[in-house]
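Taking it in order: structure first as structure tokens, then the write-up.
Coordinate-derived values only; no laboratory data. Source: prediction; values computed, not measured. Cβ: placed from backbone, ideal geometry, glycine included. Neighbour counts: every protein chain shown.
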Amino acid sequence: MATLAEQINQLAGAALAAHGLVLVHARLSGGTASGRGKLTLDVMAEMPDGTSPTLELCTQASRTLSAQMDVSDIIKSPYTLEVGSAGLERPLTKPADYVRFNGKQAKITLHRPVPAPNGKGVLGSAVGLISQPTDDDVTLTLKDGTGTLTVRHDQIHHAHLSPSAEELREMMKAATAKAEALKESADSDTE
């Protein structure tokens, strides 16, 4: 029998696909072991080309997923459903994500600390440029300049993109150019 997380991922993936979206991450959080506290089902989506979905698409997908979750009744406690874009600090959840974002800056938090590359202490988390990703591990060229760190995927507790100032400037420049092109297109349609 599938775990709760697997069932949630299956339902979320299908609901998003019905609206042309791809599941990045689905996580049920909150509450306590005693069953008290509000749960939140956080679903992150993106377009097949990796761009952010519109608010309208997220809303439609949320309605579809909500209906599917109600019918399946796999979460027995009250919860809040949130469907949105993965955003700038997009989670890295599978080996293919590291390949796709090779050369981008990421923050990785480990299950257990590992020796620092410079031999001074240990690291529980690290920020650096993704390089040499494989199906088994990923290497970070550390932001602090102390060297490189190679970790197996099963050592990673959580990882997400952590755009550098330069990457943020590039994204803003691209977004501005896209907005200007859309405005020009809209202006020419009204003439």
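Remark: the chain carries a charge dipole of roughly 900 debye about the Cα centre, counting +1 on each Lys and Arg Cβ and -1 on each Asp and Glu Cβ.
The GNM of the chain, with springs linking C-alpha atoms under 10 angstrom apart, assigns the highest mean-square fluctuation among 108, 156, 75 to 75.
Derived scalar couplings between HN and Hα for the stretch 133-148 equal x, 10, 5, 9, 8, 9, 10, 10, 8, 5, 4, 7, x, 7, x, 10 Hz in order, rounded to whole Hz, by the Karplus curve 6.51 cos²θ - 1.76 cosθ + 1.60 (θ = phi - 60°), x for Gly and Pro. With θ taken as phi - 60° and the Karplus curve 6.51 cos²θ - 1.76 cosθ + 1.60 applied, the whole-hertz 3J(HN,Hα) list for the stretch 8-14 is 4, 4, 5, 5, 5, x, 5 Hz, x standing for glycine and proline. Going down the list 76/143; 120/173; 143/183; 38/178; 104/178; 94/143, which pairs span over 32 Å between their C-alpha atoms? Going by Cα-Cα distance, 76/143; 120/173; 143/183; 38/178 fall outside the 32 Å limit. Each pair of Cα atoms in the chain enters the Kirkwood radius, and Stokes-Einstein at 10 °C and 1.306 mPa s then converts it into a translational diffusion coefficient of 84 µm²/s. Annotation note: trypsin sites (Lys or Arg not before Pro) in the stretch 92-188 located in DSSP loop regions with a Cβ neighbour count of at most 13 within 10 Å are 120. Over the Cα atoms of the stretch 93-184, the radius of gyration divided by the Kirkwood radius equals 1.10; this is the Rg/Rh ratio. For the chain, a Gaussian network of Cα nodes joined below 10 Å ranks 46, 89, 167 by mean-square fluctuation, and the top entry is 167.
Put in order of Cβ neighbour count within 10 Å, fewest first, the listed residues 172, 1, 47, 69 become 1, 172, 47, 69. Largest mean-square fluctuation among 106, 116, 14, in a Gaussian network model of the chain whose springs join Cα atoms under 10 Å apart, belongs to 116.
Shape summary: the stretch 4-85 maps onto an equivalent ellipsoid whose semi-axes, from the alpha-carbon gyration tensor, are 23, 12, 11 Å in decreasing order.
When +1 charges are put on Lys and Arg Cβ atoms and -1 charges on Asp and Glu Cβ atoms, the dipole computed for the stretch 4-85 relative to its Cα centre reaches about 340 debye.
Across the options 110, 134, 18, the greatest Cα extent toward the positive end of the charge dipole of the chain (unit charges at beta carbon of Lys, Arg, Asp, Glu) belongs to 110.
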